[in-house]
1. Normalise the Cα radius of gyration of the chain by 2.2 N^0.38 Å (N = residues in it) and let me know the number.
2. Could you tell me which of 26, 65, 103 has its Cα farthest along the dipole of the chain towards the positive end, charges placed at Cβ (Lys, Arg +1; Asp, Glu -1), taken about the Cα centre?
3. Let me have the relative contact order for the chain, percent, based on Cα pairs under 8 Å that are six or more residues apart.
4. Roughly what would the spin-label model give for residue 6 and residue 53, points 7 Å off Cα along C-beta, in nm?
5. Run down the aspartates and glutamates and flag those whose C-alpha is under 19 Å from the C-alpha of residue 88, throwing out any fewer than 8 positions away in its chain.
6. Relative contact order for the stretch 47-103: what percent, with Cα pairs under 8 Å and sequence separation of 6 or more?
7. Given charges of +1 on the Cβ of Lys and Arg and -1 on the Cβ of Asp and Glu, with all other atoms neutral, how large is the dipole of the chain about its Cα centre, in debye to the nearest 20?
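Each value in this text was obtained by applying a stated rule to the coordinates, not by laboratory testing. All values derive from a computational prediction rather than experimental measurement. Glycine also receives a Cβ, built like all others from the backbone with ideal geometry; neighbour counts cover every protein chain displayed.
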Amino acid sequence: MVSLIRKRTQISGNDYISIMKLNLNNIEYKTFLFHFREENTNAIKFKILASSDQITWETIKEETTLAKNGSTYETLTDAWMFIDIQFKADTPEAQGKLTLNVSGN
């Protein structure tokens, strides 16, 4: 059964900031879906980092641009313990607004 794990909406900054950090240790799902939606303000850039110890972080999704009013998604089936989803304005001083939904199965 698919369930919504967490939802968050946030305005971007000029530098990368975390919109959501997840500890997957206590979540019973094997597949995760990250759904990104820009709320019709300005384009943003996002990336996804992962770690097994919260010390060394690997980029598992390189910087990706999401257009104004656009949406996209990413899936994860790898056995990472921690996820950090970060985003920033595509153009400095032209802040976007991102909604991120994370679901699991």
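1. Details: Rg = 13.4 Å, N = 105, 2.2 N^0.38 = 12.9 Å.
Compactness ratio reported: 1.04.
2. 103
3. Numbers: 282 pairs, mean separation 51.2, N = 105.
In percent, rounded to a whole number, it is 49.
4. Inter-label distance under the simple model: 2.3 nm.
5. Counting by Cα, and skipping residues close in sequence, residue 88 has these aspartates and glutamates nearby: 15, 38, 39, 58, 62, 63, 74.
6. Values: 55 pairs, mean separation 21.6, N = 57.
Once normalised by length, the contact order is 38 percent.
7. Details: 12 positive and 13 negative charges, 75 e Å.
For the chain, the charge dipole is close to 360 debye.
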